[in-house]
Amino acid sequence: MPSPIRAAWILGVIASTLAGQTPGTLARSSEAMVASAEPFATEAGLEILKAGGTAVDAAVAVGFALAVTYPVAGNLGGGGFMVIHLPGQGEFTVDYREMAPAAAHRDLYRDQDGKVDPEASRRGHRAAGVPGSVAGLCHVQARFGTLPLGAVLAPAIRLASEGFRVSPALARSLRADRDVLGAYPESKRIFLADGELRKEGDQFLQPELAGVLVRIAEKGRAGFYEGATADLLVAEMKRGKGLITHEDLLAYEVKERAPLRGRYRGFDIVSMPPPSSGGIALIQMLNLLEGFDYQPSERSGPDRAHRIIESMRLAFRDRALHLGDPDFAAVPAKGLTSKAYAAHLRPQIRERAMVSRNLTDADPFAYEKTETTHYSVMDKSGIAVACTTTLNGGHGCGVTVTGAGFLLNNEMDDFAIAPGVPNMFDLIQGEANAVGPKKRPLSSMTPTLVMKDGKVMLVIGSPGGPTIINTVLHVVLNVLDDGMEIDAAIAAPRFHHQWLPDRTQCEPKSLTESAESVLGKRGHRLEARTYGIGDAQGIRRDLKSGILFGAADPRRSGLAKGL
Ligand code: GLY
């Protein structure tokens, strides 16, 4: 392992340990399990479970708590996707992705000369889509939860109004984004303590955010999309020439969509359909890989890695060419996830690496801020929730709604800001994902359930922009093909290919030296990745005993804990 990479890796492990977690700790419970990226949020979920709530109640509590304790990605001002299994009722997916404001249009991010201005879709008020998280969480609680909304909001309200101790991870993340947050006075005041920076161990109170949460507890979604909160949000938009209006807020729609289903070596895969690309790409890759025989003894050999990389390449090519908001573009989801299509593509996976068109040397990871977050919850009744939520970039567009204490997303940057042209992350995206009024930008979020004979045996997801999909793929393969326990499956080093740029980013030790050498000879361009891929949070249920095993990713500072 090259030494800077080893150093980054060791630092990550030390950071996790300092945050109070033992890297790779396996949690175990026969009652219930919560795995999230932030320990206070995990505890919020457990509090609700102890009070008699189900995994759904706990998941909603975790979602609201993350908005308080994990501002880099937990949110009220962003969006997300939830995949839910209810025994006897089946699977449900809830899409609360942000929507483009009605005034958005395909040339929104071009200047007067027609030149694309990438900053405009990343920073500041115009980068924000209409938030979906509050509508989504309220919808889930009303439709699938058992406790009153106020009960599941209570931990978040307490954390915001009484405060909580700043962890090393939170101090680090706020410090890392001080340029973004420092550019907006309200963000600077709240998240950077007026430029002093919030230090580890400080008590962090957020009274304005607590006020919004109380309004949601009292009025449901109207506490956010109408009344005082909506007035503050629209006033913030006017202050920064943003586009979101009262009408946009009132028109925000949560969508329940038919779950995307696949099958892999006898297991059922249930994941998020468009506007996420995650479920389609995951199932497409699994379909491609299923056509190759595999024994765990081949795990570290070059053929296994070669086939996985080529499957990633093909799936991400199709992502770029075909995927967008299904309410606006025809998305060939059935075709892309069919076994027949995989059989048609598979012969392209030969001895040599394919060559992705338009080879480019640009590095999307130099720009990518992969601060989405995922949490998984399961209880002994078999209810399972996989939820991935995001502001898009770390701390979103950087703007805090003055007087309301929450950050806004920069999800507009997940659109193809100029269709057919590589965007700032070098993700090629097509016409289907052009900016348009009320459209939802294409996502890579992949909250996923794996089932056997109608019972959930794996709940998994991750942040990481385009690497989300491949992180989930790695964990699924590690559990299903290699029989690894969830902690090992999550901790195992990963690699990532996304069609373009045509290279495979590798965490240290994701490939053996001999596999690296063979893959190089076959035409793969392998690059060392200097920081971890993803932050997976997973739960495995032993189908015989019913015991739940949980693990938070040792790459960061999350916590999996059983009841
Ligand atoms: N904003 C990250 C994603 O949705 O893929």
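Which of the residues spanning region 238-256 are in contact with an Asp or Glu (Cβ under 9 Å, 6 or more places away or on another chain) and more than 13 Å from residue 101 (Cα to Cα)?
254, 255, 256
Quick check on this structure: which one of 233, 286, 250, 282 is hydrophobic (A, V, I, L, M, F, W, C) and within 16 Å of the ligand (Cβ to nearest atom)?
After applying the criteria, what remains is 282.
Quick check on region 136-157. Is at least one of its residues basic (Lys, Arg), at negative phi, in contact with a helix residue (DSSP H, G or I) (Cβ under 6 Å, 6 or more places away or on another chain) and open to solvent by 30 Å² or more (accessible area, probe 1.4 Å)?
No, there is no match, as no residue in region 136-157 is basic (Lys, Arg), at negative phi, in contact with a helix residue (DSSP H, G or I) (Cβ under 6 Å, 6 or more places away or on another chain) and open to solvent by 30 Å² or more (accessible area, probe 1.4 Å).
Could you say which residue among 538, 534 is under 27 Å from the mean Cα position of the chain (by Cα), closer than 30 Å to residue 320 by Cβ and part of a strand (DSSP E or B)?
Matching residue, one of 538, 534: 538.
Assess whether residue 123 counts as being within 16 Å of the ligand (Cβ to nearest atom), closer than 22 Å to residue 180 by Cα and among the basic types (Lys, Arg).
The answer is yes for residue 123.
Scanning for something modelled with pLDDT of 95 or more, under 30 Å from residue 126 (Cα atoms) and assigned to a loop (DSSP other than H, G, I, E, B), does region 307-323 turn up at least one residue?
no
Rundown of residues vs (1) out of contact with any Lys or Arg (no Cβ under 9 Å at 6 or more places or on another chain); (2) not hydroxyl-bearing (Ser, Thr, Tyr), yes/no style:
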position	(1), (2)
236	yes, yes
245	yes, no
248	no, yes
258	yes, yes
266	no, yes
293	yes, yes
296	yes, yes
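Is it the case that residue 53 is out of contact with any helix residue (DSSP H, G or I) (no Cβ under 8 Å at 6 or more places or on another chain) and open to solvent by less than 40 Å² (accessible area, probe 1.4 Å)?
No, not satisfied.
Only residues in region 237-263 that are closer than 30 Å to residue 450 by Cβ count as the first member; pair them with residues that are among the small types (Gly, Ala, Ser), Cβ under 6 angstrom, at least 6 apart or cross-chain, and list the lot.
Hits for this filter: 254/135; 254/136; 260/271; 260/279.
Might you let me know whether region 245-259 holds any residue that is assigned to a loop (DSSP other than H, G, I, E, B), farther than 30 Å from residue 83 by Cβ and among the charged types (D, E, K, R)?
Looking for residues that are assigned to a loop (DSSP other than H, G, I, E, B), farther than 30 Å from residue 83 by Cβ and among the charged types (D, E, K, R), one finds none in region 245-259, hence no.
Counting just the residues of region 380-404 that are closer than 17 Å to residue 63 by Cβ and away from the ligand (no atom under 16 Å from the Cβ), which one comes out surrounded by the fewest Cβ atoms within 10 Å (Cβ to Cβ)?
383
Given the conditions (1) free of Cβ contacts under 8 Å to residues at least 60 places away in the same chain; (2) buried (at least 24 other Cβ atoms within 10 Å of the Cβ); (3) not charged (D, E, K, R), report the number of the one that residue 277 does not fulfil.
(1) is the only condition that residue 277 fails.
Hey, can you tell me all the residues within region 283-305 that are farther than 15 Å from residue 345 by Cβ and either in a helix (DSSP H, G or I) or among the aliphatic types (A, V, I, L, M) (or both)?
296, 297, 298, 302, 303, 304, 305
For region 159-170, state whether one or more residues are touching a Lys or Arg at 6+ places or on another chain (Cβ under 7 Å), of a type in the set (D, E, K, R) and touching a residue at least 24 places away in the same chain (Cβ under 8 Å).
Looking for residues that are touching a Lys or Arg at 6+ places or on another chain (Cβ under 7 Å), of a type in the set (D, E, K, R) and touching a residue at least 24 places away in the same chain (Cβ under 8 Å), one finds none in region 159-170, hence no.
The values are calculated or read from the model by the stated rules, or taken from the named source; none is laboratory data. Just so you know, these numbers come straight off a predicted model, no measurement behind them. Reconstructed Cβ throughout: ideal geometry from the backbone, glycine too, with neighbour counts over all protein chains shown. The accessibility values were calculated without ligands, DNA or RNA, using every heavy atom of the protein model including side chains. Shrake-Rupley method; radii C 1.70, N 1.55, O 1.52, S 1.80 Å.
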